[in-house]
1. Here's a check for you: in the range 65-94, which residue that is of a type in the set (Gly, Ala, Ser) and within 12 Å of GLY13 (Cα to Cα) is modelled with the lowest pLDDT?
2. Evaluate the range 95-106: report whether one residue or more is on the phi < 0 side of the Ramachandran plot, polar (S, T, N, Q) and modelled with pLDDT of 65 or more.
3. Which number in (1) of a type in the set (A, V, I, L, M); (2) under 25 Å from ARG70 (Cβ atoms); (3) crowded, with 18+ Cβ neighbours inside 10 Å marks the one condition that ALA19 misses?
4. Being exposed (fewer than 14 other Cβ atoms within 10 Å of the Cβ) and either within 19 Å of VAL14 (Cβ to Cβ) or not hydroxyl-bearing (Ser, Thr, Tyr) (or both) is the filter here; which residues of the range 39-64 pass it?
5. Would you confirm whether any residue within the range 18-28 is touching a residue at least 40 places away in the same chain (Cβ under 8 Å) and in the same structural domain as ILE64 (by TED's automatic domain parsing)?
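The values are calculated or read from the model by the stated rules, or taken from the named source; none is laboratory data. Only a predicted model underlies this, so the values are computations on that prediction, with no experimental measurement involved. Because the Cβ atoms are built from the backbone with ideal geometry, glycine has one as well, and the counts that use them run over all protein chains shown.
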Amino acid sequence: MESSSRIDHMKHGVIMGSALGVCLGLAFGTYHVLKHGPSTRGYISTFGRYMASSAGNFAIFMGIGSAIRREERPKNIMLKRHLEQHQKFCQRGFANLPVEVLERNRWDRRTVGM
């Protein structure tokens with residue numbers, strides 16, 4: 001399994017930001033056209049300007065933000081062991097929890113499980 005670099009995370013942030021920006025630009029452009037009418041160049045130019053500027057801004061900010069906030073894979077061996085053990089015990093739900101059982105003849109307790 002390859003670990004992705006900061007550039008890959010930045011690319012994903014740019015793609016998500018531009019997609020979000022295009023959608024918001026379309027919404028804001030539609031609002032502007034409905035309220036103020038199209039600009040002197042027409043409807044398509046107004047929508048394009050809003051969509052391009054919004055996509056550019058969101059792409060820059062989300063690209064930088066995702067490059068800064070890149071989460072590393074856990075490299076600590078003890079953490080890895082803990083996560084594997086947790087996953088092993090949680091696979092069967094409550095079946096792996098220790099249970100205290102009172103024996104029928106005695107009042108001694110014994111732990112069952114684990």
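1. Per the criteria, the residue is ALA67.
2. No, every residue in the range 95-106 fails to be on the phi < 0 side of the Ramachandran plot, polar (S, T, N, Q) and modelled with pLDDT of 65 or more.
3. (3)
4. Those that are exposed (fewer than 14 other Cβ atoms within 10 Å of the Cβ) and either within 19 Å of VAL14 (Cβ to Cβ) or not hydroxyl-bearing (Ser, Thr, Tyr) (or both): ARG41, GLY42, ILE44.
5. Residues of the range 18-28 touching a residue at least 40 places away in the same chain (Cβ under 8 Å): 18, 20.
Okay, now just the ones that are also in the same structural domain as ILE64 (by TED's automatic domain parsing), so 18, 20.
Yes; the residues of the range 18-28 include at least one that is touching a residue at least 40 places away in the same chain (Cβ under 8 Å) and in the same structural domain as ILE64 (by TED's automatic domain parsing).
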